[in-house]
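Chemist: If you scroll down you'll find the structure; I have some questions about it.
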Amino acid sequence: MDMSKKSEKNQAKVNREVKELTLLWEVSKALSRSMDLREVVGPVLNALSEQMGMTRGALTLVNRTSGEIYIEAAHGLSENQRRRGRYQIGEGVVGKVVETGQPVIVPHISEEPLFLDRTGARKNLKTEDISFICVPIKIGHEVIGTLSTDRLFDDSTSLKEDVRLLSIIASMVAQAVRLRQETQEEREKLIQENLRLQSELKERFRPANIIGKSKGMREVYELVAQVSRSNATVMIRGESGTGKELVANAIHYNSLRANKSLIKVNCAALPETVLESELFGHEKGAFTGATYERKGRFELAHGGTIFLDEVGDLPPMVQIRLLRVLQEREFERVGAATTTKVDVRVIAATNRNLEELVAEGKFREDLYYRLDVFPIYVPPLRERKTDILLLADFFVERYAKVNNKRIHRICTHAIDMLMSYHWPGNVRELENCIERAVLVSNEGVIYGYHLPPTLQSSTYTGTIPYGTLQGELDNLERDLIMDALKTSRGNMSQAAKILGTSERIMGLRIQKHDIDTKRYRT
C-alpha cells in the first residue's frame, strides 16, 4: 500500500512537471513569435488555464504617471469586468504586490479583507472555494505590473508551487510588459499633446483674439458666433489682406468639427488640371505622371472643414464639379469610376466681385447661390481706423519678441503717419510695415523715419519734406515735444520739465510747430 501511494505521488509529480514544462514551452513559443504584449498575453493566459486549471487570470500594468494599476488583458473576465479592475498602489491584494514587490497567496478569498474583487467576477460564486495568487512583474527592482490567477481550492495542490511557476512566467514576459507600458505612456502623451494643441488652436483662433474693436469687426464677431455651431456653407468677402483666413479659422475652431481637420486650398495658386486633382484626388494612371493613387483635399477634410480661398478664380470645369459636391456631397476622383461620399463643411473666400463675374458669365450662378448661404464681409483697414493702433501695438510686441528687441512705444508722429495712410494692402501691409520698423529701430522707440517711404510721403502724412538739416532738426524737435505732451497729458509745464527747458520756450516751440495741446488732455 505504501509503495502504491509512493508510486501515485511520484506519478503526480511527473505529471505536474510535464504540465509545467509544457506551459513554459507555450510561453517561450509565444515570446519567440513576438514581443508585442497584445500578441503574447492571450496565448499565455490560455496556456495557464489549460495547464494549471486556472479559472480566471489577469495581467495588470502600472501607469507610472498616475500611479493607477489597470488590467491590460484577462482570461475569464468580460470587457466590463476588465474595465472595472483598477487599483491604486497599496490598494487591495494587487496594489500590495505592486507596493512590496512580493507575491501574495490567498487560499480562501472570502477570508482575506484585502481582496476587493473590483471586477465583480466572483460576486455570485462560493468565494470560500476560490484561491487567488498574485505575483509581481519586475524589471530590475521596479515593479511594472502583476500576473494573477484564480483557481479552485484543493488541499492536494501546492499553491507555493503555483507561485514559483507564475513568477518564472512573469520574468519571461517582463520585457514584453515593459514595451507595452512604454507604448501606452507614449500614446497617452500624444493624446495629451493633441488635446493641448487643439486647445491652443481654439484659443488662438477664437473671435475674441482677432484684433479689432471697430463697429465693422464687432459685426464680424457676431456673425462668426452665429454660424460657427452650424454646418452652413460660409462665404467670406473682403479685400486681400483683411484677414479672411483668420475668420475661417475662427469659424472652424469654434464649430462642432473643431477636433477634425481644417484643409486649406488656394484656388488661384494652381492651374486647372492640377487643381482638379488637388481637390478631388486621382487614380493611378489617370494621367501622365499619376504614378500612384492620391486622395484629394475633400477626402482629407472628411468630417471636418475645407477652406476654399480665392474661390472666384475657379476654372469653369472645376466649378461644375464643386457644385456637385455642394449639392450631393459626393464626387469621383480623376480617372475613377466609383463615387466617393464625403461629410465636409465648406468655407469659401474671395476678394472679387462675384456678382459681376456671374453677370459676365465667368462664374456659375447656381454655384454662387450654393456658396453664398451665409455671407460675412470683412471690412478693409481704411474703414476701421480705430483698429490700426491696436494692430500696430500687437505687431510691435510680436516682432520685438521674435527679434529679441525692446520696443517700448510708437512715437506720436509715427502714429499720425499710420493713421493718415490709406492701407491698400490692409492688415497684411500694416504687419509688414511694423516688422520692418522693429528691425531698423535701435532706440527702443519706433519713429516716423523707421516707417517705409510710402508712409512718409507728404500725400499721406501731411508733413512737409524739408530735405535740409534745419528741416530734419525741426521734425525731430516736433516729435520730442509731442511725445512729452503725450506723457504729461497736455500739461506744458510738465512737458517742459521732461525736456529740460523752460515753460516759455516750450510755449514758443509749440506755437512754432502749430501743435494743439488740447488733443493730449484726458
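Chemist: Which pairs have Cβ atoms under 9 Å, sit 6 or more apart or on different chains, and link a residue in the stretch 412-437 that is loosely packed, with under 15 Cβ neighbours inside 10 Å to one that is of a type in the set (Asp, Glu)?
Modeler: Pro424/Glu239
Chemist: Continuing with the same structure: Out of everything in the stretch 236-264 that is under 21 Å from Glu278 (Cβ atoms) and in contact with a Phe, Trp or Tyr (Cβ under 6 Å, 6 or more places away or on another chain), what residue ends up being surrounded by the most Cβ atoms within 10 Å (Cβ to Cβ)?
Modeler: Step by step, filter the stretch 236-264, then rank; the result is Ala248.
Chemist: I've got another one for you. For the structure I just gave you, tell me whether Ala484 is hydrophobic (A, V, I, L, M, F, W, C), assigned to a helix (DSSP H, G or I), crowded, with 19+ Cβ neighbours inside 10 Å and more than 50 Å from the chain's Cα centre (by Cα). Steps first, answer last, please.
Modeler: On the way: hydrophobic (A, V, I, L, M, F, W, C): yes; assigned to a helix (DSSP H, G or I): yes; crowded, with 19+ Cβ neighbours inside 10 Å: yes; more than 50 Å from the chain's Cα centre (by Cα): no.
When the stated conditions are applied, Ala484 does not pass them.
Chemist: What helices (runs of 4 or more DSSP H), lying completely within the stretch 265-378, carry at least 3 residues that are touching a Leu at 6+ places or on another chain (Cβ under 8 Å) and surrounded by fewer than 20 Cβ atoms within 10 Å (Cβ to Cβ)? Break it down stepwise before answering.
Modeler: Details: elements: 272-280, 297-300, 316-328, 354-359, 365-371.
By residue number, 316-328, 365-371.
Chemist: For the stretch 399-438, which residues satisfy the criterion of being more than 17 Å from Gly241 (Cβ to Cβ), of a type in the set (Lys, Arg) and assigned to a helix (DSSP H, G or I)?
Modeler: Matches in the stretch 399-438: Lys401 only.
Chemist: Would you be able to tell me the number of residues in the stretch 499-522 that are part of a helix (DSSP H, G or I) and within 16 Å of Thr412 (Cα to Cα)?
Modeler: Residues that pass the stated criteria total 6.
Chemist: Would you confirm whether or not the stretch 67-83 contains a residue that is of a type outside the set (Val, Ile, Thr), assigned to a helix (DSSP H, G or I) and surrounded by 15 or more Cβ atoms within 10 Å (Cβ to Cβ)?
Modeler: If we filter the stretch 67-83 for residues that are of a type outside the set (Val, Ile, Thr), which is where we start, we get 67-68, 70, 72-83.
Narrowing the set further to residues that are assigned to a helix (DSSP H, G or I) leaves 79-83.
Remaining after also requiring surrounded by 15 or more Cβ atoms within 10 Å (Cβ to Cβ): 81-82.
Yes, the stretch 67-83 has at least one match.
Chemist: If Leu59 passes every condition in (1) in contact (Cβ under 8 Å) with a residue 60 or more places away in the chain; (2) of a type outside the set (Phe, Trp, Tyr); (3) surrounded by fewer than 22 Cβ atoms within 10 Å (Cβ to Cβ) but one, which one does it miss?
Modeler: Failed condition: (3).
Chemist: So Ser131 ticks every box in (1) in a strand (DSSP E or B); (2) at pLDDT 85 or above; (3) under 23 Å from Gly42 (Cβ atoms); (4) touching a Lys or Arg at 6+ places or on another chain (Cβ under 9 Å) but one. Which box is left unticked?
Modeler: In the conditions (1) in a strand (DSSP E or B); (2) at pLDDT 85 or above; (3) under 23 Å from Gly42 (Cβ atoms); (4) touching a Lys or Arg at 6+ places or on another chain (Cβ under 9 Å), Ser131 misses (3) alone.
Chemist: I've got another one for you. Which of the numbered conditions does Asn442 fail, given that it passes all the others? Conditions: (1) in a loop (DSSP other than H, G, I, E, B); (2) buried (at least 16 other Cβ atoms within 10 Å of the Cβ).
Modeler: If we test Asn442 against (1) in a loop (DSSP other than H, G, I, E, B); (2) buried (at least 16 other Cβ atoms within 10 Å of the Cβ), just (2) comes out false.
Chemist: Note down all Cβ pairs under 8 Å where the first residue falls in the stretch 326-351 and is at pLDDT below 90, the second is of a type in the set (D, E, K, R) and crowded, with 22+ Cβ neighbours inside 10 Å, and they're at least six residues apart or on different chains.
Modeler: Every condition considered, the pairs that remain are Thr340/Arg333.
The values are calculated or read from the model by the stated rules, or taken from the named source; none is laboratory data. Because the structure is a prediction, the values reported are computed rather than measured. Backbone-built Cβ (ideal geometry, glycine too); neighbour counts: all protein chains shown.
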